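**Student:** Just passing along the structure, written as structure tokens.
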């Protein structure tokens, strides 16, 4: 089997496992869709984003897109990595000739692909149900999604190294994202967030992901590229990758 | 490779040591496993058994000593080496979302010349479950699944770490047949187990580790001088008879516990002759008369009695 075939088969099996996992399907695929529908039903009217008027439904499409992306590439990935490590599955894989990088990259690729699929689903629902225009700059949006998902996958691998039990994986990952969703312009428009909370949010990558995904939806900008926010995401990804490379373990935490 | 290894030796270990901080768990052990041999590595929990196996498998670094497995140092061995060994680890959860065949096929793809997928599934007795999700398998079936994954790469050397723990008696018999078949086709097997009947049945050679050191090594029949050990004759005294009533040569050796007499002897035939002559003369049948040899388990328990192993 060629190296490319070996990787692609690993990726296909990881995709299959994602899809067959009930928790993944409900929390990563269904929940963001439900959130979009609920937010669009509750919040009507407009907000102002970077000096431009934007319908709230338009605001929520990239916002929920950020949530779906993080769910796929960070929350779900981290939980999968911890579960597979603590159960001994990763250790068993290390005992085969399959290169370690394939295991890591395949699972990261699942996060990126699911993030793209979620973005398409949300775009379509937004357009069909709420008349949210599809951005002209789809390329810029795709770059933001792929870079964002890859960065959050790196954060996931880094965070997985500090979680030592399967039981702690779900609370730990959710606790790191839920409060940030509220202060990072994902669930609530940025201008309604007090400055001191926004200052906190700016430190973390969710704020920058939300901005990078929203930028192509600002029609007056004609779909520019949020270079500064993308740069922050890349920085988070690189630093996380360095942490993961130093700390990542293949064996269960109770084995010294 | 400075360890003096003959080509026939699949595993050579010299002076292996492993410490965690000040605590030395493996204290200078030597092992040799030849090609085609089933080698059983026995020892209580905490004796250093799993640490040793994981050093041989390349999972742990050693503190000192020389180790050669399939001609390479496992600490630095690469992909090609991994393709020549098969593993059943002590505990491992399997991907619940995949079917038996999907997982075996996935692993088959890791190896340069894998065995046939369905044949391997049949070999471990999961033919009827090939299309079932792993989440629906019983504990024993999952363990057999692990054996299938260990075999799928058609390895030269297979590490089986307690492969039948949790099996029912029928499944254990089945697994033993699988292992015996592997031996028959020339595979080398490094087995750890808590079951002495398993070692007795499968192993060509046995080594016992206690408190980090090898305390005995040999064939299952001769381990710990088992073949030299005295036979034990036991029976219940006939009603009304006293130990003192036994023939003088026997009475001095006889020990009574719970109404049964125990005689240890180097000459079972003559001792029995004397005893049965005595009983027949009295008109007694000694209906529960038994002659026994120390089992592998007796020898093992005696060897490891001092090792108050912490459970690992």
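The values are calculated or read from the model by the stated rules, or taken from the named source; none is laboratory data. These numbers come from a predicted model, not from an experiment. Cβ: placed from backbone, ideal geometry, glycine included. Neighbour counts: every protein chain shown.
**Student:** Somewhere in region B:228-236, is a residue closer than 23 Å to residue B:48 by Cβ, modelled with pLDDT under 85, in contact with a strand residue (DSSP E or B) (Cβ under 7 Å, 6 or more places away or on another chain) and surrounded by 12 or more Cβ atoms within 10 Å (Cβ to Cβ)?
**Tutor:** We begin by selecting, within region B:228-236, every residue closer than 23 Å to residue B:48 by Cβ; these are none.
So far as region B:228-236 goes, no, none of its residues is closer than 23 Å to residue B:48 by Cβ, modelled with pLDDT under 85, in contact with a strand residue (DSSP E or B) (Cβ under 7 Å, 6 or more places away or on another chain) and surrounded by 12 or more Cβ atoms within 10 Å (Cβ to Cβ).
**Student:** Could you tell me whether region A:213-227 includes any residue that is in a helix (DSSP H, G or I), out of contact with any strand residue (DSSP E or B) (no Cβ under 6 Å at 6 or more places or on another chain) and closer than 22 Å to residue A:80 by Cβ?
**Tutor:** Restricting attention to region A:213-227, the residues satisfying the condition of being in a helix (DSSP H, G or I) are A:213-217, A:219-221, A:227.
Filter again for out of contact with any strand residue (DSSP E or B) (no Cβ under 6 Å at 6 or more places or on another chain), leaving A:213-217, A:219, A:221, A:227.
Checking which are closer than 22 Å to residue A:80 by Cβ leaves us with none.
No, every residue in region A:213-227 fails to be in a helix (DSSP H, G or I), out of contact with any strand residue (DSSP E or B) (no Cβ under 6 Å at 6 or more places or on another chain) and closer than 22 Å to residue A:80 by Cβ.
This table checks each residue for (1) within 30 Å of residue B:32 (Cα to Cα); (2) in contact with a helix residue (DSSP H, G or I) (Cβ under 8 Å, 6 or more places away or on another chain); (3) touching a residue at least 60 places away in the same chain (Cβ under 8 Å); (4) part of a strand (DSSP E or B).
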| residue | (1), (2), (3), (4) |
| --- | --- |
| B:209 | yes, yes, yes, yes |
| B:224 | yes, yes, yes, no |
| B:261 | no, yes, no, yes |
| B:273 | no, no, no, no |
| B:288 | no, no, no, no |
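**Student:** Would you point out the residue of region B:105-127, among those that are modelled with pLDDT under 95 and assigned to a helix (DSSP H, G or I), that is nearest to the other protein chains (Cβ to nearest Cβ)?
**Tutor:** This residue is B:120.
**Student:** Something else now. Mind checking which residues of region B:61-72 are within 13 Å of chain A (Cβ to nearest Cβ), within 20 Å of residue B:34 (Cβ to Cβ) and in a loop (DSSP other than H, G, I, E, B)?
**Tutor:** Across region B:61-72, there are no qualifying residues.
**Student:** Another question, if that's okay. Kindly indicate whether residue B:200 is under 30 Å from residue B:33 (Cβ atoms) and surrounded by 14 or more Cβ atoms within 10 Å (Cβ to Cβ). Break it down into steps so the answer makes sense when it comes.
**Tutor:** Details: under 30 Å from residue B:33 (Cβ atoms): yes; surrounded by 14 or more Cβ atoms within 10 Å (Cβ to Cβ): yes.
So residue B:200 fits the description; yes.
**Student:** Here is a further query. Condition test on residue B:53, is it part of a strand (DSSP E or B) and either without any contact (Cβ under 8 Å) to a residue 12 or more places away in the chain or more than 8 Å from every other protein chain (Cβ to nearest Cβ) (or both)? Steps first, please.
**Tutor:** Details: part of a strand (DSSP E or B): no; either without any contact (Cβ under 8 Å) to a residue 12 or more places away in the chain or more than 8 Å from every other protein chain (Cβ to nearest Cβ) (or both): yes.
So residue B:53 fails the test.
**Student:** For region A:185-205, which positions are at pLDDT 95 or above and buried (at least 17 other Cβ atoms within 10 Å of the Cβ)?
**Tutor:** Within region A:185-205, A:201, A:204, A:205 qualify.
**Student:** Turning to a different aspect of this structure: Return the total of residues in region A:95-118 being within 13 Å of chain B (Cβ to nearest Cβ) and part of a helix (DSSP H, G or I).
**Tutor:** Taking region A:95-118 and keeping what is within 13 Å of chain B (Cβ to nearest Cβ), we get A:95-103, A:106-107, A:110.
Imposing the further condition that a residue be part of a helix (DSSP H, G or I) reduces the set to A:100-103, A:106-107, A:110.
The number of residues fulfilling the criteria is 7.
**Student:** Just a yes or no: is a residue in region A:16-34 buried (at least 19 other Cβ atoms within 10 Å of the Cβ), touching a strand residue (DSSP E or B) at 6+ places or on another chain (Cβ under 7 Å) and part of a helix (DSSP H, G or I)?
**Tutor:** Scanning region A:16-34 turns up no residue that is buried (at least 19 other Cβ atoms within 10 Å of the Cβ), touching a strand residue (DSSP E or B) at 6+ places or on another chain (Cβ under 7 Å) and part of a helix (DSSP H, G or I).
**Student:** Is it the case, given these coordinates, that residue A:92 is within 14 Å of chain B (Cβ to nearest Cβ), touching a strand residue (DSSP E or B) at 6+ places or on another chain (Cβ under 9 Å) and under 16 Å from residue A:14 (Cβ atoms)? First the steps, then the outcome.
**Tutor:** Values: within 14 Å of chain B (Cβ to nearest Cβ): yes; touching a strand residue (DSSP E or B) at 6+ places or on another chain (Cβ under 9 Å): yes; under 16 Å from residue A:14 (Cβ atoms): yes.
Yes, satisfied.
**Student:** Do we have any residue at all in region B:28-50 that's part of a helix (DSSP H, G or I), within 14 Å of chain A (Cβ to nearest Cβ), within 21 Å of the chain's Cα centre (by Cα) and modelled with pLDDT of 95 or more?
**Tutor:** For region B:28-50, residues part of a helix (DSSP H, G or I), within 14 Å of chain A (Cβ to nearest Cβ), within 21 Å of the chain's Cα centre (by Cα) and modelled with pLDDT of 95 or more: absent.
**Student:** Which one of the conditions (1) surrounded by fewer than 20 Cβ atoms within 10 Å (Cβ to Cβ); (2) more than 18 Å from residue B:299 (Cα to Cα); (3) touching a residue at least 12 places away in the same chain (Cβ under 8 Å) does residue B:189 fail to meet, given that it meets all the rest?
**Tutor:** Here residue B:189 meets the rest and fails (1).
**Student:** Restricting attention to region B:139-153, which residues are in contact with a strand residue (DSSP E or B) (Cβ under 7 Å, 6 or more places away or on another chain) and not in a helix (DSSP H, G or I)? Spell out how you get there, then give the answer.
**Tutor:** The initial filter retains those residues of region B:139-153 that are in contact with a strand residue (DSSP E or B) (Cβ under 7 Å, 6 or more places away or on another chain), namely B:146-147, B:150-151, B:153.
Of everything in region B:139-153, just one residue is in contact with a strand residue (DSSP E or B) (Cβ under 7 Å, 6 or more places away or on another chain) and not in a helix (DSSP H, G or I), namely B:153.
**Student:** In addition: Working only within region B:154-181, note down all residues that are part of a helix (DSSP H, G or I) and in contact with a strand residue (DSSP E or B) (Cβ under 7 Å, 6 or more places away or on another chain).
**Tutor:** Just the residues of region B:154-181 that are part of a helix (DSSP H, G or I), to begin with: B:169-181.
Within region B:154-181, B:179 is the sole residue that qualifies.
**Student:** Take the residues in region B:128-138 that are surrounded by fewer than 19 Cβ atoms within 10 Å (Cβ to Cβ) and part of a helix (DSSP H, G or I), then tell me which one is farthest from the other protein chains (Cβ to nearest Cβ).
**Tutor:** Step by step, filter region B:128-138, then rank; the result is B:128.
**Student:** Could you please give the count of residues in region B:73-104 that are in contact (Cβ under 8 Å) with a residue 40 or more places away in the chain, more than 13 Å from chain A (Cβ to nearest Cβ) and farther than 30 Å from residue A:79 by Cβ?
**Tutor:** Residues meeting the conditions: 1.
**Student:** Given the condition within 14 Å of chain B (Cβ to nearest Cβ), outside any loop (DSSP other than H, G, I, E, B) and touching a helix residue (DSSP H, G or I) at 6+ places or on another chain (Cβ under 9 Å), answer yes or no: does some residue in region A:119-133 qualify? If you could, list the steps in order and put the result at the bottom.
**Tutor:** Within region A:119-133, the first condition is being within 14 Å of chain B (Cβ to nearest Cβ), and the residues that meet it are none.
The answer is no; no qualifying residue exists.
**Student:** While we're on this one: Based on this model, can you work out whether residue B:266 counts as under 30 Å from residue B:203 (Cβ atoms) and surrounded by fewer than 11 Cβ atoms within 10 Å (Cβ to Cβ)? Walk me through it before giving the result.
**Tutor:** Numbers: under 30 Å from residue B:203 (Cβ atoms): yes; surrounded by fewer than 11 Cβ atoms within 10 Å (Cβ to Cβ): yes.
So residue B:266 passes the test.
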